[in-house]
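For reference, the structure discussed in these notes is given below.
The values are calculated or read from the model by the stated rules, or taken from the named source; none is laboratory data. Note that this is a predicted model, so its numbers are computed, not measured. Glycine also receives a Cβ, built like all others from the backbone with ideal geometry; neighbour counts cover every protein chain displayed. Note: areas computed on protein heavy atoms with side chains; ligands, DNA, RNA excluded. Shrake-Rupley method; radii C 1.70, N 1.55, O 1.52, S 1.80 Å.
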Amino acid sequence: MRQAPLSRRLRVYAFDPSMATKLDTAAMNELFIDVPWEAAIEVGPSGEYIEVVDFDPASGVYYKPVDLNDPILLAQEGIAPSESDPQFHQQMVYAVAMKTICNFQRALGRVAFWADREFVVDGEHRSQFVRRLRIYPHALRDRNAYYSPAKKALLFGYFPVTRKDKDCTPGTIVFTCLSHDIVAHEVTHALLDGVHPRFNEPTNSDVHAFHEAFSDIVALFQHFSYPQVIEHQIRRTRGNLETENLLSQLAQQFGATTGRGSSLRDALGAEDANGKWKPRVADPQALEKTAEPHARGAILVAAVFRAFLIIYRSRTADLFRIATNGTGRLPEGDIHPDLTRRLSCEAAECADKVLQMCIRAIDYCPPVQITFGDYLRGIVTADLDYSRDDREYRTVFIQSFREWGIHPRSITSMGEDSLAWPTGNELMEDQDAEDFTVSSSEDRIGRIKLTKNRMREGLQSRFKAISDWNLESDRFKVWTSLDHWKKQIHDWLKDGDSFGNKYAQLFGLVIDGTAPPTVYRSDKDGLPSVEIHSVRPTIRRIKQGGARTDLVIEITQRRRGYFDPDKQKAMDAPSSTPLSRDEHGDFKFRAGCTILIAPDTQEIRRVIKTRGTVSDDTELETVRRFLTGESGATGNAFDAGLAQSLMSINSEMRDEPFALLHDQEGGS
């Protein structure tokens, strides 16, 4: 019996069309990407994850959809790259999107999910499964491209060139859907939204900056999975990737045609006033001087890219010693082809490990109020769980983040033991509550064991179906099971008999009557409500060779916040009458945690809490100061005085944060 192929090859631009018109880069710029074989793929193309809809509203035209199962296209491995063929545009966005999705699935150990559609029916909150992300290659006649959380879609723009110089021809058209970097960047926004929907809510200067930085990181390091691209740049730089090169740059055509220089963003350096490229120097005070999301996110990207370069330099030092007879100085001329291949292999391996670490870390972040320091803790903890004995990459990440001034709040050191998020057992050891503390150490150990056993008993019946899924399972069936588990976990947390409510305290949740009146409460019992924000399975192959299965559970609580501190105090004053369900305050203050549970043993492996609980007035004040501009963060549409007006008068901008955010930057 014949078996279906595992993948299909499709042609794309490695960077964008501008590279195809330069002799030095033309041959390197046409790539063949392997994407998973989808036998049932429909014209569009439309498959399991992606639906390409090529309607151009500005022109009022539907472009003919491409059929990737056409025998002629199968024989030619897709349509040849073309700026003028809309069907190639469709192929390009599909192929790059699927490549990005595959990188996520490999790192996270599960099928990818898009963010649910949320709605209310008869006062009850409901979620709807989103099978496909829609991609519109020609959605806008504008210098913009963005992910729409409301539409669950990617919208790419196109625009005429108005500049005239060596890189720009007036009257020609730039299609953002033909930029590999812009497509990967926008797909990453959508994938991150599927994991952390609350990262769309700006509560500090890092939130939207993180979304932009993370999307840039994925787009940048995806370049390194293409051997011909790496070898080309290794030859051009003679192995020194700390000099100007395409691998560190994003969206070259977009940057040139919009007057931003040789690229939209560069992780290594920038052009000065005279057009000369200069490397960036690590600045530990940079964050304190930067608020605009793209510029602030660029600091995080620079820290990650610097970590990669340090590792690459360390891993290739022996090759350079051999090639230079120990002098460290390569002879003039092109480097040897064998050296090029070896350096390229090392660069690709290092970049792939860095990319996997960066993606894997998003399961180890708090569900709301993300900061760059939290992300560093996530990178370190995830890698500890994956490869505890291999410290090199973790050490380099810590070094690079420190040099760029990125560190978590309230830690005692920058050592990996301090940065790692705690385990459930560690929190129990530190818990001062009476439930986990008794007179003698012997009794204490016994009580902790009893607590863990009680917790297992409470959870065991709720996770019987955990072995029924794997990475090949139907996504809707997995989603349905996960939706069922949300209720099971919610009931466990609120059930005192199962010890779940004691663990709620351990997780930093406030579920008793001591919470301020502005904390949202359940209609059933009048106690603070808890939202099981998401339940995600993960199966990871750890470095030792075994497989580890976890459930990643996000839990949040919310509280009404008011811009006027006096009104906040008045609304939090004790009252016998609970606040109306229609009273929502001026903004939402959220707190919560992400927990990793081993479903077979019910061990709480990691607990990632936000700073402070939902009752914490200090953290509430911090968010208030950010939203009202008192924290000093200015320069974009999601802080300062604009926050109040946007929240009160323009819900469309709130629903489409990335459209406005990217338009502020002049595009992606």
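Figures for the structure shown
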item: Gap separating the Cα centres of region 517-540 and region 273-330, nearest whole Å; result: 43 Å
item: The chain shape via C-alpha gyration tensor axes, a/c threshold 1.5; result: prolate
item: Selection from ALA107, HIS138, THR423 lying farthest towards where the dipole of the chain points positive, charges on Cβ; result: ALA107
item: Low-density loop positions, trypsin sites (Lys or Arg not before Pro), region 252-338 - DSSP coil, at most 13 other Cβ in 10 Å; result: LYS276, ARG329
item: The chain - percent of accessible surface contributed by carbon and sulfur, probe 1.4 Å; result: 49 percent
item: Sum of side-chain charges, GLY44 neighbourhood, beta-carbon under 13 Å (Lys, Arg +1; Asp, Glu -1); result: -4
item: Theoretical ellipticity at 222 nm over the chain - DSSP helices of four or more residues, -39500 (n - 2.57) apiece, nearest 500; result: -12500 deg cm²/dmol
item: Lysines whose Cα lies under 29 Å from that of LYS353, excluding same-chain neighbours fewer than 8 positions away; result: LYS99, LYS278, LYS543, LYS609
item: For region 258-301, size of Cβ-based charge dipole, Lys and Arg +1, Asp and Glu -1, in debye; result: 80 debye
item: Region 12-92 shape via C-alpha gyration tensor axes, a/c threshold 1.5; result: oblate
item: Student exercise, the chain dipole from Lys, Arg, Asp, Glu Cβ charges, in Debye to nearest 20; result: 920 debye
item: Summed residue charge, Cβ within 13 Å of ASP16's Cβ, Lys/Arg positive, Asp/Glu negative; result: -3
item: For region 252-292, radius of gyration divided by Kirkwood radius, i.e. Rg to Rh on alpha-carbons; result: 1.03
item: Heavy-atom surface of region 1-77, accessible at 1.4 Å and reported per residue (Å²); result: 56 Å²
item: Nonlocal amide H pairs with ARG8, under 5 Å, H built at 1.01 Å; result: VAL35, TRP37
item: Local electrostatic count, ASN103, Cβ distance below 12 Å [Lys/Arg +1, Asp/Glu -1]; result: +2
item: C-alpha center-to-center spacing [region 67-117, region 20-50] in angstrom; result: 6 Å
item: Principal-axis tilt of helix 337-360 within the chain, Cα atoms, nearest 10 degrees; result: 20 degrees
item: Overall form of region 306-376 per C-alpha gyration tensor (a/c, 1.5; a/b vs b/c); result: prolate
item: When each of LYS524/LYS569; LYS524/LYS588; LYS487/LYS524; LYS477/LYS524; LYS567/LYS588; LYS152/LYS588 is checked by Cα-Cα distance, pairs over 18 Å; result: LYS524/LYS569; LYS524/LYS588; LYS477/LYS524; LYS152/LYS588
item: Between helix 86-108 and the chain: long-axis angle, C-alpha atoms, 0 to 90°, nearest 10; result: 50 degrees
item: J(HN,Hα) series, region 232-238, from Karplus relation 6.51 cos²θ - 1.76 cosθ + 1.60, nearest Hz, glycine and proline x; result: 4, 6, 5, 4, 5, 8, 6
item: Sparse-neighbourhood loop sites, trypsin sites (Lys or Arg not before Pro) in region 1-80 - DSSP loop, at most 15 other Cβ within 10 angstrom; result: ARG2, LYS22
item: Degrees, to the nearest 10: 206-222 long Cα axis against longest axis of the chain; result: 40 degrees
